[in-house]
Amino acid sequence: IESYGMTEAAHQMASNRLPPGQRKPGSVGAAAGPDVAVMAPDGRLLDAGETGEIVIRGPNVTAGYEKNPDANASAFAHGWFHTGDQGVLDEDGYLRVTGRLKEIINRGGEKISPLEVDGVLMDHPAVAQVVSFAMPHDKLGEEVAAAVVLREGQSASESDIRGFASTRLADFKVPRKVLILDEIPKGATGKLQRIGLAAKLGLG
C-alpha cells in the first residue's frame, strides 16, 4: 500500500486506502492525518490537477529544526511546511508525487541547506567558488557533495576541504564527496544549478 511520509511529520502523511476504501495506483494516497496541499511559488494553494510544491501542516508536523535557521526559513512559510517535493492532487484528494523542487538536501530525513555548506566552504582560504548539491545514495536517498574551484595559485585536496568543513559543520552536513574542478558546469541560462548537477558530474 503506497504512502507518503517524512521525518518532519510522520511515516504516513498520505496513504492509499485498504478495502473497502479506494486505492489509486500511481498515487501515494489521500491525506492521513495532516493537511496536505499543493502550493504555487507565490503561496497560493492550487486546485486539483495543478502541479506545484507539496506542503503539509498539522499537529504531527515538526515546529522546526534545532539550531538551523537557514533550513527553517526555507522550509516553513505561509503557515505550511514546504516538503520540497513536487506533486498534484486529483479531484478526490489523492496525491501523486512528480519530482523534487527544492535545493534542500534530504539526507535520510535530515534537511541540509546547501547555502549553509557553501558558506562554510567559501571560508577555506584556497576556495574561490563552490556549489553544494545532492548526490544519490542507496540507503539515505541523498548525500551532500560539493564542486569547488580553487583560487589561482592555491592548492587543496578533497581531504583538506572535507577536514576544514568538519570543524564547522555537523558530521551529517559535511560533503561526502568534493570535486575540485577548473570550472563548475552551468545551466542553459548561465547560472549555477544544483538540481541535476550530480548527474552532470558523473555522480548521479
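Can you find, within region 65-82, the residue that is modelled with the lowest pLDDT among those that are among the aliphatic types (A, V, I, L, M) and under 13 Å from the mean Cα position of the chain (by Cα)?
Among residues in region 65-82 that are among the aliphatic types (A, V, I, L, M) and under 13 Å from the mean Cα position of the chain (by Cα), the one modelled with the lowest pLDDT is A71.
Looking only at region 83-136, which residues are at pLDDT below 85, outside any strand (DSSP E or B), under 26 Å from G43 (Cβ atoms) and not charged (D, E, K, R)?
L101, I104, G109, S113, L115 - these are the residues of region 83-136 that are at pLDDT below 85, outside any strand (DSSP E or B), under 26 Å from G43 (Cβ atoms) and not charged (D, E, K, R).
Looking at (1) under 30 Å from D171 (Cβ atoms); (2) surrounded by 19 or more Cβ atoms within 10 Å (Cβ to Cβ), which is the one condition that is false for V28?
(1)
Give just the number: which of (1) in contact (Cβ under 8 Å) with a residue 60 or more places away in the chain; (2) in contact with a Gly (Cβ under 9 Å, 6 or more places away or on another chain) does S132 not satisfy?
(2)
Looking only at region 160-178, count every residue that is under 20 Å from the mean Cα position of the chain (by Cα) and in a loop (DSSP other than H, G, I, E, B) and tell me the total.
Summing the residues that are under 20 Å from the mean Cα position of the chain (by Cα) and in a loop (DSSP other than H, G, I, E, B) in region 160-178 gives 5.
From (1) at pLDDT 90 or above; (2) among the hydroxyl-bearing types (S, T, Y); (3) within 20 Å of the chain's Cα centre (by Cα), pick out the condition that doesn't hold for S157.
With respect to (1) at pLDDT 90 or above; (2) among the hydroxyl-bearing types (S, T, Y); (3) within 20 Å of the chain's Cα centre (by Cα), S157 is out only on (3).
Only one residue in F81, F164, F133 is under 24 Å from G52 (Cα atoms), outside the structural domain of A9 (by TED's automatic domain parsing) and aromatic (F, W, Y). Which one?
F133
Taking region 50-64 as the region of interest, how many residues are buried (at least 18 other Cβ atoms within 10 Å of the Cβ) and more than 21 Å from D90 (Cβ to Cβ)?
Within region 50-64, residues that are buried (at least 18 other Cβ atoms within 10 Å of the Cβ) and more than 21 Å from D90 (Cβ to Cβ) number 1.
Listed here are the residues, each with its yes/no results for (1) closer than 27 Å to G141 by Cα; (2) in contact (Cβ under 8 Å) with a residue 24 or more places away in the chain.
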| site | (1), (2) |
| --- | --- |
| E2 | yes, yes |
| G5 | yes, no |
| R17 | yes, no |
| S27 | yes, yes |
| A31 | yes, yes |
| A48 | no, yes |
| T51 | yes, yes |
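The values are calculated or read from the model by the stated rules, or taken from the named source; none is laboratory data. Just so it is clear, the model here is predicted, and its values are computed rather than measured. Note that we place each Cβ from the backbone using ideal geometry, even for glycine, and neighbour counts take in every protein chain shown.
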